[in-house]
Amino acid sequence: AEKAVAVALTLEQLRMENPGVDITVADALAEYGAATEQVEREVPTDILQASWSGEWSRFNDAEGEEFFSQNQSKFVFVPEGVESVDVQVIYATINLVDGTAGMLTWTVDFGADGSEDGRGALTPSPNGVSTGTISAAGHEGQYWAFGVTGNGIKFQRPTRDHNYIEVRIEYSTSIQAHLGSGSGALVVEPPDLDAGYYHAYSQPWSFGTPSAEYAEGTVVLPHRAYNMTVVDLGRDPGGGPGTSPDDGDGTSWWLWLLLALIIVLVAIYWRYRERIALKRRLQGVADRA
């Protein structure tokens, strides 16, 4: 999503700087990389927060077989200086539309090594909320994998010919990290941060409202920014879209790629037709025999 925003902003900037020139998405794709950069923002607070949503699922297509649950763990980097983490899972205990009922709770895996190191109490909750506080002592400076587990049932509908034992419960998870009091800046930067881009499996932190006990200290979070002042059309304005003075006739590479793809698809189609025709001829011979 961040790259799509960068391409759109670059396209707009190039068209503003080059009126009357045929600027295309190909031009923006060629230049957007220079406009994205990693910057840091520093805020006085002692709270970090993150949240996400998902759908806990359990499937079974045969009686007597083992149930399978869906794994939707999120990796969150817990930096040095965090003392504790509050976690909360909110879910619907009963869904009359889907005919499901259940209870969920949170799990945590320090270091994201695949072993469960803690979980909340899996007990019926009238309001569909599971909370807990996790001590970070000895587990800072690494990823924590937060997951959701639970139990549930789906009410079968006797008027249907067949029912799948399928339970799906939507949930939202929120976590809040409490930092130790002190001075100076705490820089939160995961080891695998790719020039400001977070991987799909990880959830970035955002700044939280300082707690009542906050005295001093700041938190520094890295993020992506778009610097449009460095965007420049890397080709002769008189050339074709997506070309540069060194591009020869100006033919874009993606046109050749599209042509090659069309040729491959046509070849596959004719091969398929030949097989069908051969199969029909063989079937006709067999019928006459």
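The values are calculated or read from the model by the stated rules, or taken from the named source; none is laboratory data. Just so it is clear, the model here is predicted, and its values are computed rather than measured. Counting neighbours? That spans all protein chains shown, and the Cβs are built from the backbone with ideal geometry, glycine included.
Going through D22, D98, D61, D27 one at a time, which residue ends up being part of a loop (DSSP other than H, G, I, E, B), modelled with pLDDT under 90 and outside the structural domain of S174 (by TED's automatic domain parsing)?
Every option except D22 fails the conditions.
Filter the range 122-147 for residues that are at pLDDT 90 or above, out of contact with any Pro (no Cβ under 9 Å at 6 or more places or on another chain), small (G, A, S) and surrounded by 11 or more Cβ atoms within 10 Å (Cβ to Cβ) and give the result. Those that are at pLDDT 90 or above, out of contact with any Pro (no Cβ under 9 Å at 6 or more places or on another chain), small (G, A, S) and surrounded by 11 or more Cβ atoms within 10 Å (Cβ to Cβ): G128, S130, G132, S135, A136, A145, G147. Looking across D192, D113, D117, one residue alone is surrounded by fewer than 16 Cβ atoms within 10 Å (Cβ to Cβ), under 23 Å from the mean Cα position of the chain (by Cα), at pLDDT 85 or above and charged (D, E, K, R). It is D113. As a summary of the residue check, Q203 satisfies the conditions (1) surrounded by 14 or more Cβ atoms within 10 Å (Cβ to Cβ); (2) modelled with pLDDT under 85; (3) not assigned by TED's automatic domain parsing to the domain that holds G33; (4) not acidic (D, E) except for the one numbered (2). Which of the residues spanning the range 136-157 are farther than 20 Å from E83 by Cα and part of a strand (DSSP E or B)? Passing the criteria: G147, V148, T149, G150, N151, G152, I153, K154. Close Cβ contacts (under 6 Å, 6 or more residues apart or on different chains) running from residues in the range 102-126 that are of a type in the set (V, I, T) to residues that are part of a loop (DSSP other than H, G, I, E, B) and buried (at least 19 other Cβ atoms within 10 Å of the Cβ) comprise T105/G120. Among the numbered conditions (1) modelled with pLDDT of 70 or more; (2) surrounded by 10 or more Cβ atoms within 10 Å (Cβ to Cβ); (3) part of a loop (DSSP other than H, G, I, E, B), the only one that P237 does not meet is (1).
Conditions (1) over 27 Å from A185 (Cβ atoms); (2) assigned to a helix (DSSP H, G or I); (3) touching a Pro at 6+ places or on another chain (Cβ under 7 Å); (4) modelled with pLDDT under 85, marked per residue:
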position: T209; (1), (2), (3), (4): no, no, no, no
position: Y214; (1), (2), (3), (4): no, no, no, no
position: R224; (1), (2), (3), (4): no, no, no, yes
position: S244; (1), (2), (3), (4): yes, no, no, yes
position: L257; (1), (2), (3), (4): yes, yes, no, yes
position: I262; (1), (2), (3), (4): yes, yes, no, no
position: R275; (1), (2), (3), (4): yes, yes, no, yes
position: A286; (1), (2), (3), (4): yes, yes, no, yes
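The numbered conditions (1) crowded, with 18+ Cβ neighbours inside 10 Å; (2) within 20 Å of the chain's Cα centre (by Cα) are all true for A30 except (2).
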